[in-house]
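A.B. asks: I'd like to ask some things about the structure below.
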There are 2 protein chains.
Amino acid sequence: MSKPNVLIVGAGGVGTMAALSLTLNNKSNVTLVVRSDYDHVMKHGYSIDSAHYGQYKHFKPANIARSVQEANDKMGPFDFIVLTTKNIPDGPITCEEVIKPAVSPGTAILLIQNGIGIEVPMIEAFPQNVILSGVTLIGSFIINGHVENSHFDSLYIGKFDNKNIANYDEIADAKIAEFQSIYQNENPKINSVQKDDDVRKTRWDKLVYNSVFNTTTTIVNLDVNRCQINNANELLFRPAMDELILIANSDGVEVDPKTKDKFLHIGDGLFYSPSMLVDLRKHQLFELEVILGNPLKIAKKNGVSTPILQTLYTLLSMILFRMKEEKGLITVNKEDYKNKNSDDYPEIFHRSCLY
Amino acid sequence: MSKPNVLIVGAGGVGTMAALSLTLNNKSNVTLVVRSDYDHVMKHGYSIDSAHYGQYKHFKPANIARSVQEANDKMGPFDFIVLTTKNIPDGPITCEEVIKPAVSPGTAILLIQNGIGIEVPMIEAFPQNVILSGVTLIGSFIINGHVENSHFDSLYIGKFDNKNIANYDEIADAKIAEFQSIYQNENPKINSVQKDDDVRKTRWDKLVYNSVFNTTTTIVNLDVNRCQINNANELLFRPAMDELILIANSDGVEVDPKTKDKFLHIGDGLFYSPSMLVDLRKHQLFELEVILGNPLKIAKKNGVSTPILQTLYTLLSMILFRMKEEKGLITVNKEDYKNKNSDDYPEIFHRSCLY
């Protein structure tokens, strides 16, 4: 039996480490899509400094492609697509559009991405493909072709619900087991792949953190600990988490009562910035919809009151609007709004008073 | 009878125009405190371009002082102190500290400033002085010694409550009438000074606008109209105004039901930035406490639920914290927080997962 054919889309900290892990195990045929860094990586490979995988000066996976289309033309069809990009459905291109050229009838799609509801457009686009959930704890990042990975590579894989496919559970479980077998190193100190039997709960649990910490720190452009010095734990984080947990409950997921306090103190003594804040500081669009937009849609559907989270979401959507305008992705034509005026308002409330 | 002696503190757009108005009427003796621009103003005066007062190339009030202390030493005691600075009780120096050197037993203090509760520390500091409220609609600003004033100078003066002084109403009303007489131009097309018989209502009404528009636009660094393009009127402004009006009600002030819609559409077709946003963009501390902090204290005292306004306040207090740290006004010593750690948390929620 030939080795499974794996395509990794998203050559960031998570994607490059997945490429390294699969390559070292040598139980699959790996192709990595590298867009902006293509020439540099073809020439020099990646330098990697990993606490558990070791040091590599010029790491290259077996195959590198400039695009998903090129990858498919040269190496397809694929048994697995591992998607490790950010997930921004309101950005210039959706995840579904990105991977479409390489999705074949037998391809399982593993989403190692944040958020809730990310499987919905994916299943809609590829109703007959197995869609898997990956939650990674690897904590790695890449700068100019150099990858830093300080933490143990611990990956949780489970299946999203999909009612389109007959015998879905068996087929999906077999795919999970197959990916575990090609990703798990023989030495359990190198990495760990575990089956996640309750994907929705795992993702809601993580969202108790992400929906509150990533969002707030991004709005104020301040790391988690500086927010906490300002008593954000009690003034904002805890009541916002309460709202998020009520949404999870309305979606049929219970959250351990200890989860809030665990997250509120998980970074005590550290001064660190969540990924959304890092994106803001790099002037990159961030993952608002999958982190907060989708939970709020569920809240609305189920009648859950969320004044705080709705406020955070509205503020972030306006910050994204500003960033998109700065990037030239949208244009505001003031003439379109000129027909409106307020000259009929009483003088006491005339615009001049609006200082 | 000699002319009343008037000190103006705050040589911004409002303060310089007040100096011009009083000087043109020639019914008072005007001293203006000019700090950073002193040398320039002493040499060149102000250039002023005003729609109703006219154009002036080298306007100087009768007296200019470098500081409040110097003003008092040379020109005191004063019948009136007109305070037109920003009001930032949590800033490096309070308004009370600023004017203290020039407050004499007979001085009436006129606060032409935004916000609610600004009279409380003022009455505490000067319990035997008359404290007046000024709400101006002048809409003027100053850049490098040049003043632009596009709107009619309409000033509303009233008295704050003060139970310390016997016959307070008569004394305060006499002061209001006196200031009206020295400020009101003989030509009613030049300016207008009207008595404000309900200071608290006037200020709560204006706060329906300021507490919501100034705050939100500052948080997202986007002008009012771009926020409204993102449907902020319905998603955020209107529900936040509802909270503010409930606080006003709890403080005994009714707000006209039309006020919300009036403000929500007062800037239709314009693209303009409230003063707090202008301050943010200039990297200047802004007036959070008098605009939002004081209303929230009243809400807390009266048991009014304010999840949205509390969220806006907490976010802005953290943005102010960031600005103060950037300015060197506060320092974060990370070592102070090092004793805390979270190593006892389960690995699945280890910090590495906090992307």
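The values are calculated or read from the model by the stated rules, or taken from the named source; none is laboratory data. Values in this document were obtained by computation on a predicted structure and should not be read as measured data. Because the Cβ atoms are built from the backbone with ideal geometry, glycine has one as well, and the counts that use them run over all protein chains shown. Protein only, heavy atoms only, side chains kept; ligands, DNA and RNA dropped before computing areas. Shrake-Rupley method; radii C 1.70, N 1.55, O 1.52, S 1.80 Å.
A.B. asks: Being in contact with a His (Cβ under 6 Å, 6 or more places away or on another chain) and among the hydroxyl-bearing types (Ser, Thr, Tyr) narrows it down to one residue among B:SER47, B:SER21, B:SER67, B:SER36; which is it?
C.D. replies: On the way: B:SER21 fails: in contact with a His (Cβ under 6 Å, 6 or more places away or on another chain); B:SER67 fails: in contact with a His (Cβ under 6 Å, 6 or more places away or on another chain); B:SER36 fails: in contact with a His (Cβ under 6 Å, 6 or more places away or on another chain).
Answer to the selection: B:SER47.
A.B. asks: Could I ask something else about it? Taking the criterion of being within 17 Å of the chain's Cα centre (by Cα) and at pLDDT 95 or above, would at least one residue in the range B:318-325 satisfy it? Walk me through how you get there before you give the answer.
C.D. replies: So the first thing to find is which residues in the range B:318-325 are within 17 Å of the chain's Cα centre (by Cα), and the list is B:320.
Narrowing the set further to residues that are at pLDDT 95 or above leaves B:320.
Yes: one or more hits.
A.B. asks: Of these, A:GLU148, A:GLU124, A:GLU97, which one is surrounded by fewer than 18 Cβ atoms within 10 Å (Cβ to Cβ) and farther than 26 Å from A:GLN284 by Cα?
C.D. replies: Numbers: A:GLU148 fails: farther than 26 Å from A:GLN284 by Cα; A:GLU97 fails: farther than 26 Å from A:GLN284 by Cα.
Result of the check over A:GLU148, A:GLU124, A:GLU97: A:GLU124.
A.B. asks: Mind checking which pairs have a first residue in the range B:256-280 that is within 9 Å of another protein chain (Cβ to nearest Cβ) and more than 13 Å from B:PHE213 (Cα to Cα) and a second that is aliphatic (A, V, I, L, M) and buried (at least 16 other Cβ atoms within 10 Å of the Cβ), Cβ under 6 Å, 6 or more apart or different chains?
C.D. replies: The qualifying pairs are B:THR259/B:VAL208.
A.B. asks: Additional query: Could you tell me whether B:PRO295 is within 20 Å of B:ILE88 (Cα to Cα), more than 11 Å from every other protein chain (Cβ to nearest Cβ), touching a residue at least 40 places away in the same chain (Cβ under 8 Å) and crowded, with 18+ Cβ neighbours inside 10 Å? Steps first, answer last, please.
C.D. replies: Numbers: within 20 Å of B:ILE88 (Cα to Cα): yes; more than 11 Å from every other protein chain (Cβ to nearest Cβ): yes; touching a residue at least 40 places away in the same chain (Cβ under 8 Å): yes; crowded, with 18+ Cβ neighbours inside 10 Å: yes.
It is true that B:PRO295 is within 20 Å of B:ILE88 (Cα to Cα), more than 11 Å from every other protein chain (Cβ to nearest Cβ), touching a residue at least 40 places away in the same chain (Cβ under 8 Å) and crowded, with 18+ Cβ neighbours inside 10 Å.
A.B. asks: Can you tell me how many residues within the range B:150-179 are out of contact with any Leu (no Cβ under 9 Å at 6 or more places or on another chain) and of a type outside the set (D, E, K, R)?
C.D. replies: Within the range B:150-179, residues that are out of contact with any Leu (no Cβ under 9 Å at 6 or more places or on another chain) and of a type outside the set (D, E, K, R) number 10.
A.B. asks: With (1) within 11 Å of chain A (Cβ to nearest Cβ); (2) in contact with a His (Cβ under 9 Å, 6 or more places away or on another chain) as the list, and B:ASN191 as the residue in question, which single condition is left unmet?
C.D. replies: (1)
A.B. asks: Taking into account only those residues within the range B:206-236 that are over 23 Å from B:GLY139 (Cα atoms) and not small (Gly, Ala, Ser), which is surrounded by the most Cβ atoms within 10 Å (Cβ to Cβ)? Before the answer, list the steps.
C.D. replies: Restricting attention to the range B:206-236, the residues satisfying the condition of being over 23 Å from B:GLY139 (Cα atoms) are B:220, B:229-236.
Now drop any that are not not small (Gly, Ala, Ser), which leaves B:220, B:229-231, B:233-236.
Values: B:VAL220: 24, B:ILE229: 17, B:ASN230: 18, B:ASN231: 13, B:ASN233: 17, B:GLU234: 11, B:LEU235: 18, B:LEU236: 26.
Per the criteria, the residue is B:LEU236.
A.B. asks: Can you give me the number of residues within the range B:326-337 that are in a helix (DSSP H, G or I) and either modelled with pLDDT of 95 or more or over 14 Å from A:PHE271 (Cα atoms) (or both)?
C.D. replies: First, pick out the residues of the range B:326-337 that are in a helix (DSSP H, G or I): B:326, B:334-337.
Subset that is either modelled with pLDDT of 95 or more or over 14 Å from A:PHE271 (Cα atoms) (or both): B:326.
Adding up the residues that qualify gives 1.
A.B. asks: Among what's in the range B:104-121 and is farther than 18 Å from B:ALA18 by Cβ and of a type in the set (A, V, I, L, M, F, W, C), pick the residue that is least open to solvent (accessible area, probe 1.4 Å). Outline the logic, then answer.
C.D. replies: Of the residues in the range B:104-121, the ones farther than 18 Å from B:ALA18 by Cβ are B:104-106, B:115-117, B:119-121.
If we keep only those that are of a type in the set (A, V, I, L, M, F, W, C) as well, we get B:116, B:120.
Numbers: B:ILE116: 15, B:VAL120: 86 Å².
The selected residue is B:ILE116.
A.B. asks: Using the structure shown, decide if B:ARG203 is farther than 30 Å from A:LYS334 by Cα, within 13 Å of another protein chain (Cβ to nearest Cβ) and surrounded by 18 or more Cβ atoms within 10 Å (Cβ to Cβ).
C.D. replies: Details: farther than 30 Å from A:LYS334 by Cα: yes; within 13 Å of another protein chain (Cβ to nearest Cβ): yes; surrounded by 18 or more Cβ atoms within 10 Å (Cβ to Cβ): yes.
Considered against the rule, which asks whether it is farther than 30 Å from A:LYS334 by Cα, within 13 Å of another protein chain (Cβ to nearest Cβ) and surrounded by 18 or more Cβ atoms within 10 Å (Cβ to Cβ), B:ARG203 comes out as yes.
A.B. asks: Let me ask something additional. Of the residues B:GLU119, B:GLU96, which is touching a residue at least 40 places away in the same chain (Cβ under 8 Å) and of a type outside the set (Lys, Arg)?
C.D. replies: On the way: B:GLU96 fails: touching a residue at least 40 places away in the same chain (Cβ under 8 Å).
The conditions single out B:GLU119.
A.B. asks: Could you check the range A:32-87 and list, in sequence order, the residues that are in contact (Cβ under 8 Å) with a residue 60 or more places away in the chain and of a type in the set (Ser, Thr, Tyr)?
C.D. replies: Within the range A:32-87, A:TYR46, A:SER47, A:SER50, A:TYR53, A:THR84, A:THR85 qualify.
A.B. asks: Hey, another quick one. So for the range B:232-246 (the condition being at the interface with another protein chain (Cβ under 7 Å from one of its Cβ atoms), without any contact (Cβ under 8 Å) to a residue 40 or more places away in the chain and closer than 26 Å to B:ILE157 by Cβ), does at least one residue qualify?
C.D. replies: Checked the range B:232-246: no residue is at the interface with another protein chain (Cβ under 7 Å from one of its Cβ atoms), without any contact (Cβ under 8 Å) to a residue 40 or more places away in the chain and closer than 26 Å to B:ILE157 by Cβ.
A.B. asks: Restricting attention to the range A:286-310, which residues are out of contact with any Asp or Glu (no Cβ under 7 Å at 6 or more places or on another chain) and either assigned to a loop (DSSP other than H, G, I, E, B) or of a type in the set (A, V, I, L, M, F, W, C) (or both)?
C.D. replies: Scanning the range A:286-310 gives A:GLU287, A:LEU288, A:VAL290, A:ILE291, A:LEU292, A:LEU296, A:ALA299, A:GLY303, A:VAL304, A:SER305.
A.B. asks: Considering only strands (runs of 3 or more DSSP E) fully contained in the range A:8-115, which possess at least 3 residues that are under 23 Å from the mean Cα position of the chain (by Cα) and hydrophobic (A, V, I, L, M, F, W, C)?
C.D. replies: Working: elements: A:29-33, A:46-50, A:54-59, A:63-65, A:80-83, A:108-112.
Result: A:29-33, A:80-83, A:108-112.
A.B. asks: I've got another one for you. Checking the condition over 21 Å from the mean Cα position of the chain (by Cα) and either farther than 17 Å from B:ALA18 by Cα or more than 10 Å from chain A (Cβ to nearest Cβ) (or both), which residue from B:TYR183, B:TYR168, B:TYR209 passes? Give the derivation first.
C.D. replies: Working: B:TYR183 fails: over 21 Å from the mean Cα position of the chain (by Cα); B:TYR209 fails: over 21 Å from the mean Cα position of the chain (by Cα).
Being over 21 Å from the mean Cα position of the chain (by Cα) and either farther than 17 Å from B:ALA18 by Cα or more than 10 Å from chain A (Cβ to nearest Cβ) (or both) holds for just one of B:TYR183, B:TYR168, B:TYR209, which is B:TYR168.
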